[in-house]
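Student: Handing you a structure now.
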Amino acid sequence: MPLKHIVDVKEKFEIQTYAEPKNLDRHTHIPFSGSPRKHPIEKEKILLIADPFTTSTFYYEFKIADIGFAEELSNMTNIDGDAVPMARIWVKKQSVAVRCTPFIVDTVVFQP
């Protein structure tokens, strides 16, 4: 690829400045990243889907009261152009949470 072509590219890159969370001690909170969703039943909880576009993903369930800080991350986009918002949330250590890995129950056939 000619160097002139690389130099002529003038794309706009959006940069979001990092804002350090106030009143958040990294020794007392742990970060988790994913796509946040409202809990379908319990209003005081949220779901955080780790990788929303894969077929073998998992999700976390956290109490909103245990979240110390949330950061907006870049949206994740699939090959079809569908985008989902992503976030990093900081959860208090020793909080009780759920990690769920859904799967389809089926017979596993061993083929040598």
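What follows draws every value from the coordinates through simple rules; no lab data is involved. Note that the coordinates shown come from a computational prediction; the quantities given were computed from them, not determined experimentally. Using ideal geometry, Cβ is built from the backbone for each residue, glycine included, and neighbour counts are taken over all protein chains shown.
Student: What order do you get for 89, 64, 41 when you list them from fewest to most C-beta neighbours inside 10 Å? Write down the numbers at each step before the final one.
Tutor: Numbers: 89 22, 64 13, 41 6.
Ordered by Cβ neighbours within 10 Å, fewest first: 41, 64, 89.
Student: Then there's this: Give me the count of lysine pairs in the stretch 25-100 whose alpha carbons sit under 12 angstrom apart, restricted to pairs 8 or more positions apart or on different chains.
Tutor: Lysine pairs meeting both conditions in the stretch 25-100 amount to 4.
Student: If you don't mind, another one. For residue 68, enumerate residues with amide H under 5 Å from its amide H, sequence gap 5+ or separate chain, H modeled in the peptide plane.
Tutor: Long-range HN contacts for residue 68: 90, 91, 92.
Student: Using DSSP to define loop residues, name the trypsin sites (Lys or Arg not before Pro) in the stretch 66-109 whose beta-carbon has at most 12 other beta-carbon atoms within 10 Å.
Tutor: 93
Student: Can you tell me the length gained on complete extension of the stretch residue 98 to residue 39, counting 0.36 nm per residue apart and subtracting the Cα distance? Write out the running numbers ahead of the final one.
Tutor: Numbers: separation 59, 0.36 × 59 = 21.24 nm, distance 1.24 nm.
Difference between extended and current length: 20.0 nm.
Student: Still on this model: Counting other beta carbons within 10 Å of each residue's own, what order do 84, 109, 98, 91 fall into, fewest first?
Tutor: Numbers: 84 15, 109 5, 98 10, 91 21.
So the ranking, lowest neighbour count to highest, is 109, 98, 84, 91.
Student: Let me ask you something else. Loop-only trypsin sites (Lys or Arg not before Pro) in the stretch 21-71, please: DSSP not H, G, I, E or B, and at most 12 other Cβ atoms within 10 Å.
Tutor: Numbers: sites: 22, 26, 37, 38, 43, 45, 63; in loops: 22, 26, 43.
Counting only loop positions with at most 12 other Cβ atoms within 10 Å, the trypsin sites (Lys or Arg not before Pro) in the stretch 21-71 are 22, 26, 43.
Student: Right, something else. Scan around residue 86 for amide H atoms under 5 Å from its own, H built in the peptide plane at 1.01 Å from N, and keep only partners 5 or more places away or cross-chain.
Tutor: Amide H to amide H, under 5 Å and 5 or more residues apart or across chains, residue 86 pairs with 73, 75, 76.
Student: How long is the gain from residue 108 to residue 72 if the chain were fully straight, where each residue apart is worth 0.36 nm and the alpha carbon distance is subtracted?
Tutor: Details: separation 36, 0.36 × 36 = 12.96 nm, distance 4.00 nm.
Fully extending the segment from residue 108 to residue 72 adds 9.0 nm.
Student: Another one. Along Cα→Cβ, 7 Å out, is where each label goes; now give me the distance between the ones at residue 61 and residue 82 in nm to one decimal.
Tutor: 2.3
Student: Which number comes out as Rg/Rh for the stretch 25-100 once both Rg and the Kirkwood Rh are worked out on C-alpha atoms? Don't skip to the end; give the middle numbers.
Tutor: Working: Rg = 12.7 Å, Rh = 13.0 Å.
In the stretch 25-100, Rg relative to Rh is 0.98.
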